[in-house]
Each structure stands twice: as structure tokens, then as C-alpha cells.
Amino acid sequence: MDYNQDGVIDAFDAFAACYTDIPEISYGVSLGLNWKGFDFSILFQGVAHVTVDFWKGQIADLEGRWSPFKTAEENAGATWPTLHSDEGSGGSKNNSVSCFGVTANVYDGSYLKLKNAEIGYTFPQRWLKPLRISSVRVFANGTNLAILKDHLKYLDPETAAGAATMYPQMRVISFGLNVNF
């Protein structure tokens, strides 16, 4: 594209794609509450001012899947549905963003996740004293629980530069019991 509009496409037409793939802003909010033996904690985590530039091959042909980056003839032989948003065909509406007046195959990589939540209950000392137990706490904990804001829709926003070749982070839910004598 003739970015500087001098009639020639050359090195002077290079442009910065909004932000880099390293977030300029990383943030998190942690909240906690204790009340009558119950405890609750929650962690929200996210990034902003980050641009993800996809190599089309990352999502273009994964094991014969349909892709907006393929022609109709190439998609005719697809044996699996798409792994990503199919809002547009042929790549015409692929969540691309306009950076400095140029629409490119770059995406807003910002996100907000519910990263961790835990709820627990500590039994009162008066119940435990006859059993010669110092404390007992039961709890449930979850990690990578939800993506609350994400422009990528079909890839884990925390993978390196949105790489489709990376395995997404696992959602983990665990239960526990802490007993102290």
C-alpha cells in the first residue's frame, strides 16, 4: 500500500501496526472478603495496548478446516468446520483493525480474564477443640475461569502473539481440605 501517497510503493511506505505484540499496559485487580468463617478471593487480569499480527498460515489450513483465508474452491474440500470466527468469508471481515489509516491483518490483542477465584470455609475452633484439631478449612479454587473481554474470540489471548500453534491455558477447578493438628 502506498502509505505515504507518493505514487511509489517502497521502504518509505512501512508503518507501525498500532502497538507491538508486547502489551504496553498489564493490569490486575485482586479482591478478598472474610466473614464468619467464610473467605472469598478473586483475581482479574488483563492487558491493553497490544496488537497481534497473525500469520495467515496459522489458521488457514489446520487439518483440512474451512478458513476465511482460503478461496471458495479451497474451502470446498474442507472436512472440518472452522476453528475461528466466520463473520466474513474470504478474509473480508476478520476482526482486522485500522492502524494509522491502514487496514491490516492485525488484531486488538487486549483482554480481561477472570484468572482465579477461591471460596472457603474455616470451621469454628469450638467445634474442633474436642477433636484436638487446631483448624480445618475446606475450599474450592478455579484458575483461568473466564475470558470477559477478548477481541480474538477463537484463540487464547495469553498465547505468544496469539499463535494458533500453542495449546491454550487449561481451566483448572480444584477442591481441598486443610487440617492442622
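Things to note:
- At full extension, residue 169 and residue 41 could sit 44.0 nm farther apart than now, given 0.36 nm per residue minus the alpha carbon distance.
- Note on residue 134 and residue 73: their simple-model spin labels are 7.5 nm apart, each label 7 Å out from Cα toward Cβ.
- Treating r as the C-beta distance of residue 179 and residue 20 and R0 as 41 Å, the FRET efficiency rounds to 0.25.
- Averaged over residues, the count of other Cβ atoms within 10 Å places the peptides 133-140, 40-47 in the sequence 40-47, 133-140, highest first.
Values in this text are rule-based calculations from the coordinates and carry no lab data. Since the structure is predicted, the reported quantities are computational estimates derived from the model, not experimental observations. FYI the Cβ positions are ideal-geometry reconstructions off the backbone, even for glycines, and counts take in every protein chain you see.
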